[in-house]
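Q: I'd like to ask some things about the structure below.
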């Protein structure tokens, strides 16, 4: 019995490590954006890093993908992807750069490769977005990112001011009561304290390679 329990515990630890959740480590409010010089392939074909994308007003990073129902939607749920272009437009108006990051290394051959990213962006009105392929989930690991989507908003000095969810309703954009990310961008641009600075990210686990 003890041997079985030990095996179960070991498997759980391995799964947590694969998902980047082996500890309670997190990127804290006020910390600098990690690996801001890491070059990643964008859907445009360019090699870009976060420093290339940031604007004078800050930087928005959203860990995303091509297949998670919390991103692309499912029966009875819009998903958050349909709100990305509106967020990009708002960010642009506030001089905040925006990057979508695909860290699903374990699904590159199942719809999360660069060609599929390019196709999805073209088909779903995201061609103006920077959508980058994170090889071996390096950036996701540095951010301790857990889900798709998982949002990180940084100020002009690339210090974290907000992290978590886009808003409080993945199912219906018209039923949103708390547009957390929009509020955070508006507060950042106005020089106000971000409230709330943290919310719980909701979505599928990022598919890392163990």
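Read-outs: derived from the displayed coordinates by stated rules, not from any lab. It should be emphasised that the depicted structure is a prediction, and the values quoted were computed from it without experimental measurement. Cβ: placed from backbone, ideal geometry, glycine included. Neighbour counts: every protein chain shown.
Q: Considering only DSSP beta bridges with both partners in the chain, what is the antiparallel share in %, to the nearest 5?
A: Around 60 percent antiparallel, to the nearest 5.
Q: Classify region 54-147 from the C-alpha gyration tensor, please: rounded if a/c falls under 1.5, else prolate or oblate depending on whether a/b exceeds b/c.
A: oblate
Q: Want the number for residue 186 to residue 127: 0.36 nm per residue separation, take away the alpha-carbon distance, what's left?
A: Computed gain between residue 186 and residue 127 is 18.9 nm.
Q: From the Cα gyration tensor of region 35-90, with a ≥ b ≥ c the square roots of its eigenvalues, which class applies: rounded if a/c is under 1.5, or else prolate if a/b is larger than b/c, or else oblate?
A: Prolate.
Q: Can you order the peptides 134-140, 29-35, 64-70, 156-162 by their average number of other Cβ atoms within 10 Å per residue, highest first?
A: Averaged packing, sorted descending, gives the order 64-70, 134-140, 156-162, 29-35.
Q: Then there is this: Which order do the peptides 54-63, 40-49 come out in when sorted by mean C-beta neighbours inside 10 angstrom, highest first?
A: Highest-to-lowest ranking by the protection proxy: 54-63, 40-49.
Q: To test your reading of the geometry: what angle, between 0 and 90 degrees and rounded to tens, separates the Cα axis of helix 114-123 from the longest principal axis of the chain?
A: Roughly 50 degrees between the two axes.
Q: Would you work out if region 25-205 is rounded, prolate or oblate? Take a ≥ b ≥ c from the square roots of the eigenvalues of the alpha-carbon gyration tensor; rounded if a/c is under 1.5, else prolate when a/b is larger than b/c, oblate otherwise.
A: rounded
Q: Compute the helix-to-body angle for 180-189: its Cα long axis versus the longest principal axis of the chain, expressed 0 to 90° and rounded to tens.
A: Around 50 degrees separate the two axes.
Q: If you line up the long axis of helix 84-93 against the longest principal axis of the chain, both from Cα atoms, how many degrees apart are they, to the nearest 10?
A: Helix 84-93 sits at roughly 40 degrees to that axis.
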